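Below is one structure, written out as structure tokens; comments come after it.
The values are calculated or read from the model by the stated rules, or taken from the named source; none is laboratory data. Owing to the predicted nature of the structure, the values given are computational and were not obtained by experimental measurement. Methodologically, a virtual Cβ is constructed for each residue, glycine included, from the backbone with ideal geometry; neighbour enumeration extends over all protein chains shown. Please note that ligands, DNA and RNA were not included when accessible areas were found on the heavy atoms of the full protein model with its side chains. Shrake-Rupley method; radii C 1.70, N 1.55, O 1.52, S 1.80 Å.
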Amino acid sequence: MAMFSTTSCERDDTPLETIQEQPQFKIEKLTGSQLTNNHSLNKALNSAKESLGINTFQKSVYDSINGFYIEDTDVNYLTSGTYESYTFKITDPSDTTHLKNMVFSKQMDSTYQAFIVAYDLNSISLEDLKQGNVPSDLTGYVIYTPINSDFQFKTDITYLGEGDCVGSTQISPRSRCNGGGNHSDPNDPKCKADKKAGYQEVIVTMIPCPRTGGGLGNNPPNDTGADLTGGDNPGGTGDDNAIGNNNSNTLVDDPCNNQLTLSNGDCAGVATTPVFEIEPVPTPVDGQTQQFFDSLPEDLRDFINNDPYDQTRAEENKRIREEIRDFLNDENHSDEAKDFAEEVIKAKEEDEDSEVDFEDRLINQLKGKVKCVYEILRGSSPTFSSSFIHDLFGSEKQISVKLTMEDLTGLTATNGGIVAARSDVVYFASTNNARRHKILFDQNVMNNMTNLEIALIILHEIGHSELIERCIQLGMFNSIVSRSNQYNFANVTPPLNNLNDAYFAFMATSYNSSNSTAGMGQWNHELFTIGNYRQIMGQALLDSNSYLTDPTTTFPSLSSAIHGMSMNEIINDFTWTGLEETTEYQNHNPSVLNRINTVQNAINQEYSRSCID
């Protein structure tokens, strides 16, 4: 979180011999629903509303006496050391010369004192405040006063006195980039393109410094405030309600005067970071779903709770909030459902073009030819939809699968070839069986392949994920980190419900223990040869063949080396691609192996490479 911070100061002509450590501030953007359980703050908020003659049950509330609205839907929460404050936006249609906020500043007894803080836009522009282009001393640019009974802003405003400490000490960008994005590049997809880009977080502290009077009067920064004794000067030393006023001409013994302190030990006084504008209100959802949204990490919480300013994106935000609401309610807000919902929000933040199938718990971030072939498979093959997407080989569809693109350069296949795709799952039985399946496709490699080759790779990798998922559901693993080929099998025999499960678990364990496959990652390829799994992949290819091939040409051609073979025979041989290291493949006689190789070469050389969805 970027910030422009200020610290306390003391009017003293003695040269400083040491450099004071700067306070560290943490700022969070909260929504009104996140403040429900803060009883002390709500009590202070209601008290301030009552002082202003406002109905305490209103949200965006109007103060008829002072003529402004108090917005408590978006809140800046600031913490440092033992101190904290909450800042709300004030909307005053009649006043264009001040940015107004209401600040609730935590006291020593854990209650909150309410203040009106106003920034003089005649002296410093709103854009300068946002960009952090502010003077090193903000004295004379800020108006503040506590909210007490019968308070009226138009008559009770209090300017900072000359000795009040408001100074800038630290600036850092307020950009919100994901995954190390370059925020200086507006085209970087990893940076959120919102109105906050490039802004600073301005932190203003108002500290009662030990001093001997003086004030600026009612017209800062030009009025010198000649009345050094305070008297009726609302910005000098005579107003007992104003932070920064001190009627004594002697320095106080306790410089913090029973205040909370910042992280570096400075007196906290009143510290705030301005709320410039109210974020658009997101589409309302039920309380349980909103509670889930509010529990997410800050970047995801901001993304799902804040409607974008672009109308097209606002509609997408509305749609995804409603779909997640319906999905979570249908699934009774189960942990698995919330895991998938969080992955959906993360995917949408990464790539707004991500497509989500809530019924099948599948996130599609595919691009180019890979996406085109995938869409053809889904649209033309009942086998693909029923077996691969819904319930493959007996595993129940309770987990999420994410299909995405990634540069796999540097990886080498077990046969020494280039890696075009890989399945990726991390699983730990000790953490409530939590796991997420991801399938990665290298676009640069796959764009050079034929449609049928791409289709088989998609089927093959989804098959990997679903077969591993079946093993997980049978309790066969303690943990999995597939990217580093770590499969930690459980030592106990899992409870098996039927003969098919027993046979599957027995064969998987046997393959893993085999000297020919153990430690080489080939046992999970052996799973494809159990039962008729490879044949199911072949049927999905046959279903989609007429949509994947070029209708203007015939495959195989009359001159092809595989002319005379039926498509059933061709596809059956072709499905051995990627399974060459398995025991069953290597048990084929040489003539069959030669025929399979011929089929693979013919498809690579002759099958269509142009995909039109």
- Query: Out of curiosity, is ILE90 at pLDDT below 55 and over 19 Å from ASP294 (Cβ atoms)?
  - Reply: no
- Task: Output the residues belonging to the range 564-613 that are modelled with pLDDT of 90 or more and β-branched (Val, Ile, Thr).
- Result: ILE570, ILE571, THR575, THR577, VAL592, ILE596, THR598, VAL599, ILE603
- Task: Residue by residue through the range 357-384, note down the ones that are polar (S, T, N, Q) and over 26 Å from ILE324 (Cα atoms).
- Result: SER380, SER381, THR383
- Message: Residue pairs, Cβ under 8 Å, 6 or more apart or interchain, first in the range 442-456 and without any contact (Cβ under 8 Å) to a residue 12 or more places away in the chain, second among the aliphatic types (A, V, I, L, M) and not in a loop (DSSP other than H, G, I, E, B). List them.
- Response: none
- Do we have SER125 as under 27 Å from the mean Cα position of the chain (by Cα) and of a type in the set (Ser, Thr, Tyr) here? no
- Filtering the range 582-613 down to residues that are open to solvent by 70 Å² or more (accessible area, probe 1.4 Å) and touching a residue at least 12 places away in the same chain (Cβ under 8 Å), which residue is farthest from LEU558 (Cα to Cα)? GLU584
- Residue match in the range 462-481 (condition: under 23 Å from ASP407 (Cα atoms), surrounded by fewer than 16 Cβ atoms within 10 Å (Cβ to Cβ) and in contact with an Asp or Glu (Cβ under 6 Å, 6 or more places away or on another chain)): no
- Query: Which members of the range 485-539 meet the condition of being polar (S, T, N, Q), modelled with pLDDT of 85 or more and in a strand (DSSP E or B)?
  - Reply: ASN488
- Task: Tell me the helices (runs of 4 or more DSSP H) entirely within the range 281-378 that contain at least 1 residues that are among the acidic types (Asp, Glu) and free of Cβ contacts under 8 Å to residues at least 12 places away in the same chain.
- Result: 311-330
- Query: So how many residues does the range 295-318 have that are open to solvent by less than 60 Å² (accessible area, probe 1.4 Å), under 27 Å from VAL204 (Cβ atoms) and at pLDDT 85 or above?
  - Reply: 1
